[in-house]
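One structure is given here, and the rest of the page talks about it.
Just so it is clear, none of the values below were taken in a lab; they were calculated from the coordinates. Everything numeric here is computed off the predicted structure, so don't read it as measured data. Reconstructed Cβ throughout: ideal geometry from the backbone, glycine too, with neighbour counts over all protein chains shown.
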Amino acid sequence: MQELKNIVSENISRLRTDRKMTQFELGQELSYSDKAVSKWERGEAIPDAYVLLQMSKLFGVSVDYILTYHGADESLPVPVKKKTSRLIVALITVVGIFTVASLAYIILSLSGIFYPIMFQYAAMISFLVITVMNTLWGKRKYNIIFVSAFVQSILFTIFFVFLDFGRIYWQLLFLGIPIEVIILLSFFLKLPNVCKRKKSGK
């Protein structure tokens, strides 16, 4: 662990000095104090995942670059790949959603209310967020998977809500079959247009 701290401290210090930034300036960019930056650079602590992501964007490197030993011979950092950073953003977002759900579940549990369906809500929201992110950043052809997962998560959420009230309507789950067919057909209907555009060079 200390070895990792030393590697991270060396990389942060090197990236900061290469950008001619003071510890105070770096702290301001990250909404942290210069004392926190000093701790990182002395190897006394490691920034959390969110701060590492902020640093990677600030310095134009990948998070892996900050966590990897490079030696004194390497002068320039490896540029961050957009796909990598976007994947990390998506993962952090999903983890954040489940963290909020876990916190809510713990708070309710302390009050004597056990509401595990909170995690089903988190799953449903996560699939929605991933679908939006993939639409904006990724390949839209994969949306067929994410949209299907989102729709199924909605059905399961409704099922568990009724189950929570002591009612079992398992027939609701059968709705997933025709809905999946509709989703598949709607995506396949767009394929001829895509093919035409590719052939015409548009």
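Numbers for the structure displayed
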item: For the stretch 2-67: rounded, prolate or oblate by the Cα gyration tensor [a/c cutoff 1.5]; result: rounded
item: Amide hydrogen neighbours beyond the local backbone of Val61, cut-off 5 Å, H modeled; result: Val80
item: Efficiency of FRET from Cβ geometry, Ile113 and Lys139, R₀ 45 Å, rounded to 0.05; result: 0.60
item: Cross-link pairs Lys57/Lys139; Lys5/Lys39; Lys20/Lys57 - those with Cα-Cα distance over 18 Å; result: Lys57/Lys139
item: Segment Tyr50-Asp18, extension gain: residue separation times 0.36 nm, minus the distance between their alpha carbons; result: 9.3 nm
